[in-house]
Structure formats: C-alpha cells, structure tokens
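Visitor: To start, I am sharing the structure in question, which I have written as structure tokens.
The values are calculated or read from the model by the stated rules, or taken from the named source; none is laboratory data. Since we're looking at a predicted model, the values are computed, not measured. Quick reminder, even Gly has a Cβ in these numbers, built from the backbone with ideal geometry, and neighbours come from all protein chains shown. Note: accessible area is taken over every heavy atom of the protein model, side chains too, but ligands, DNA and RNA are not part of it. Shrake-Rupley method; radii C 1.70, N 1.55, O 1.52, S 1.80 Å.
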Amino acid sequence: MKAFDFFKSLISNKLFLFTTPLLISSLIFSYYLSIIQKRNLSLKDKLEKEKQNKLHEQKKCEEQRLGRTRAERELRRVINSYKEDRENKNVERPPDYPPIGFLESCFRERNGTPRQGLIVTKGKALLKLKTSVNPTYSLEGLDQYSHCWLIFIFHENTNTLRSVRSDRPASGVKAKVAPPRLDGIKVGLFSTRTPHRPNPIGLSVAKIDKVVGDTIYLSGIDLIDGTPILDVKPYSVHDSVKSVINPAWVTIPVVPPLDNVIILDIAKKQLQSFVQQKKLKFYDNYDDIETCIIEILTEDIRSVRKRKQDKLTDQKLKQNKEITTNSPTNTSDNEENQEEEEGPEKHRFSLDILNIRFTVENQIATVFEILEDEVLNSEENIYLPSNIYSNKNNDSKMTETNDNNEK
C-alpha cells in the first residue's frame with residue numbers, strides 16, 4: 001500500500017511528469033551525440049591519414065620526377081659529348097644494360113646454329129630470368145602470345161672478345177662483310193644480319209612453347225648457349241609488314257639449300273639410344289631431334305671455304321671414277337686404299353650433348369655418326385657460357401650450375 005501511495009503521489013506531482021520526459025530525451029540525445037562525435041573523430045583521423053599519404057605520394061613522385069630528369073640530363077650530356085667527340089678521344093660512354101638472363105640453348109657453338117630464327121623449328125632453348133626483374137609478375141600475360149622478340153648480345157664474336165682483352169685489342173668492325181648466302185660476295189654490313197657490328201646487339205624472333213614460373217621455354221631458336229638476353233618483347237600482329245621488298249640474294253640465295261639429308265641406320269640407332277636413355281637435355285622424343293638435324297643440315301651450314309673444298313673433292317672423285325672405269329684391270333690394293341682416303345671431307349656440329357658427323361656429296365648430306373661430345377666430359381669445357389657480361393656473383397653461380405650439370 002505504501003509503494004502504491006508513493007507512485008500515486010509521484011504521478012499526481014506535475015513537476016515530475018514534466019521533468020521525466022526531458023531527462024530521458026536528454027540522455028538519449030547525449031548518447032547519440034557521443035556516437036556522432038566518435039564517428040567524426042574517426043573520419044577526421046582517416047582524412048588526416050589520407051592527406052598524409054597523398055603528401056607522401058606527391059613527395060615521392062616529385063623525387064622520382066627529379067631523379068628521372070637528372071638521369072635524362074646526365075644521359076643526354078653523355079650522349080651529346082659522345083656524338084660531339086668526332087675523334088673518339090672521350091672515354092665516357094652511355095650506360096651499359098645488364099642482361100635479364102642467360103639463354104640455355106641446344107646449340108652449344110656457332111657452327112651449326114641457324115642463321116635466322118624459326119628456320120629450324122625444333123631448335124629448343126629456355127630462358128630463366130633473374131630475380132631482380134621479379135619474373136613472377138613481369139612474365140604475367142606473356143603466355144597469351146605465340147612468339148616473342150629476344151634482344152641479345154653477340155657475346156661470342158671475335159671482335160667482342162678482343163674488346164675486353166688487353167693482349168689482342170679490337171681493330172674495329174669491317175664495313176663490308178660476306179654473308180654465307182652470297183658465297184663470298186661482300187655487301188655493306190648494315191644490309192645484312194651479320195653479328196659483327198659496331199654495337200654487337202641482336203634481335204631474334206622465337207616461338208613461345210610455355211611459360212612456367214620464372215622460365216620461358218622457346219623453340220625455333222637461332223642463338224647459342226649462354227647468350228646474354230637484354231630484353232623480351234611480345235611479337236604483335238602489327239610487327240608483320242604486308243608488302244616487303246628484299247634483295248634477290250635474300251629471296252633466291254646464291255648458295256641454294258641442300259637437296260636431301262640422309263641419316264644412316266647406324267647413326268639412327270645411336271640417336272635412338274640417347275633418346276631412350278634420356279640423356280638429352282632438350283629432347284625427349286626421337287622425331288623432334290631427327291627433324292632438328294635434318295632442318296639444320298638442309299640449310300647447308302658449311303663455310304665458304306669448306307664448300308669450295310667439297311666441290312674440289314667432288315671433282316677429284318669424278319675424275320678418279322672415270323680413270324678407274326677406263327682401266328679397271330690395272331688397279332692395285334694401294335690405289336684402292338688411296339681412293340678410300342680421298343673420300344668426301346667429314347664435317348661436324350654439336351646439338352644438345354651430341355657430336356654429329358656428316359659428309360656432303362653432290363648436294364646431299366649424309367649423317368654417318370652421332371656420339372656424345374667428349375668435350376663436355378673433359379676438364380676444360382669450351383662450351384661454358386662466357387663471363388664477359390656477368391658480374392662475380394653471377395660467375396660463381398654459373399660455374400656451380402655447370403659443375404652440377406657435368407656431374
């Protein structure tokens with residue numbers, strides 16, 4: 001009863017009835033006001049952070065812009081001074097460009113390497129990029145192209161090697177060269193693809209087989225093992241020109257390709273044993289490497305000198321045959337041995353780990369022996385990549401990898 005009387009007195013009190021709603025509304029208002037203030041503070045903090053980030057980005061962009069302008073000015077100054085120095089007295093040169101990787105190719109030496117890209121479709125290679133170019137992201141999207149351009153250095157040129165040797169300094173690049181297709185006829189070096197150039201930089205197109213991690217697997221290659229690669233660019237549809245004009249010796253060369261390539265049964269068995277034993281680095285099936293050998297030899301990889309020697313031996317063999325046919329009875333064992341020794345000259349080239357030996361007679365190449373290259377198992381391996389364009393760290397890594405491969 002007392003509690004009921006107390007509440008009845010409160011209700012009857014007009015002041016209490018007036019102040020209670022005001023008190024409740026003020027509490028609600030203060031609660032929402034505190035929430036709004038907290039939100040405003042958080043928004044202010046975010047705005048402040050965004051302003052600081054923008055200022056930091058602006059400063060960073062300004063520093064980068066200043067750095068670029070300084071670098072451009074310095075590069076322009078060096079190039080201008082180099083251009084103005086007509087007597088070549090200035091030793092200051094534009095900056096060098098370090099390779100992004102070194103090509104691992106099935107061609108270990110210049111002899112036998114195709115003279116143009118995509119001629120030997122089964123010529124295989126792989127390019128593992130350096131970690132400094134962040135290959136995981138820099139190679140993203142390259143597998144969507146079928147072909148790519150490779151910008152590289154002719155690191156095995158004799159004039160390039162002499163330029164870094166004090167005992168045999170370079171004597172300069174010849175202005176006229178004799179392309180293999182012209183059989184000794186000379187033309188201006190800039191009208192050819194000769195590797196002996198004032199700046200030994202090359203451009204080659206290759207087929208992209210696949211891209212796995214930091215490695216590009218290529219085919220149709222025309223570069224030797226250990227070639228320093230400066231850049232990789234995708235081959236675009238806009239790179240092909242519709243109406244192209246070339247000299248006659250390019251479209252119809254003076255030196256024609258060979259008529260046929262024959263691989264003897266004994267050589268085929270040797271090649272099949274290498275494939276079955278899985279000794280080869282770039283080939284896991286017989287058809288690919290056989291096609292590669294045929295494509296290489298069809299283009300006639302002989303030098304001008306060797307080609308002329310083979311012509312002379314062909315003429316001598318014909319003359320000897322005519323003599324023997326005219327006097328078949330007056331032949332002795334010594335004469336027969338002489339004829340056997342005077343057979344066609346034996347040539348060779350290397351492919352993967354193989355040493356392939358062949359002869360050329362009447363425009364027909366005959367492969368008679370395929371063995372593992374003994375040089376690869378010797379102490380002094382002449383096929384090791386050149387260390388001219390690599391630093392000490394890269395040299396130690398490359399020697400380590402080559403030691404592992406030899407083991």
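Visitor: Does residue 84 qualify as being open to solvent by 100 Å² or more (accessible area, probe 1.4 Å) and modelled with pLDDT of 85 or more?
Guide: No, not satisfied.
Visitor: If you don't mind, another one. Which residue is nearest to residue 120 (Cα to Cα), if the candidates are limited to region 267-290 and must be surrounded by 14 or more Cβ atoms within 10 Å (Cβ to Cβ) and among the hydroxyl-bearing types (Ser, Thr, Tyr)?
Guide: 283
Visitor: May I pose another question? Only residues that are of a type outside the set (Phe, Trp, Tyr) and open to solvent by 70 Å² or more (accessible area, probe 1.4 Å): list them for region 230-239, please.
Guide: Hits for region 230-239 are 233, 237, 238.
This table checks each residue for (1) part of a helix (DSSP H, G or I); (2) in contact with a Cys (Cβ under 6 Å, 6 or more places away or on another chain); (3) modelled with pLDDT of 70 or more; (4) open to solvent by 80 Å² or more (accessible area, probe 1.4 Å).
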position: 6; (1), (2), (3), (4): yes, no, no, yes
position: 11; (1), (2), (3), (4): yes, no, no, yes
position: 19; (1), (2), (3), (4): yes, no, yes, no
position: 22; (1), (2), (3), (4): yes, no, yes, yes
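Visitor: Could you count how many residues in region 190-211 are more than 21 Å from residue 119 (Cβ to Cβ), aliphatic (A, V, I, L, M) and modelled with pLDDT under 95?
Guide: Number of matching residues: 0.
Visitor: Considering only region 293-323, state which residues are of a type in the set (A, V, I, L, M, F, W, C) and closer than 24 Å to residue 251 by Cα.
Guide: Matches in region 293-323: 293, 294, 296, 297, 301, 304.
Visitor: Another question, then. Is there a residue in region 35-47 that is modelled with pLDDT under 85 and either outside any loop (DSSP other than H, G, I, E, B) or of a type in the set (S, T, N, Q) (or both)?
Guide: Scanning region 35-47 turns up no residue that is modelled with pLDDT under 85 and either outside any loop (DSSP other than H, G, I, E, B) or of a type in the set (S, T, N, Q) (or both).
Visitor: Do you know which residues across region 189-209 are open to solvent by 40 Å² or more (accessible area, probe 1.4 Å) and outside any loop (DSSP other than H, G, I, E, B)?
Guide: 190, 191, 201, 203, 207, 209
Visitor: Then there is this: Tally up the residues in region 134-175 that are at pLDDT 90 or above and outside any strand (DSSP E or B), please.
Guide: 13
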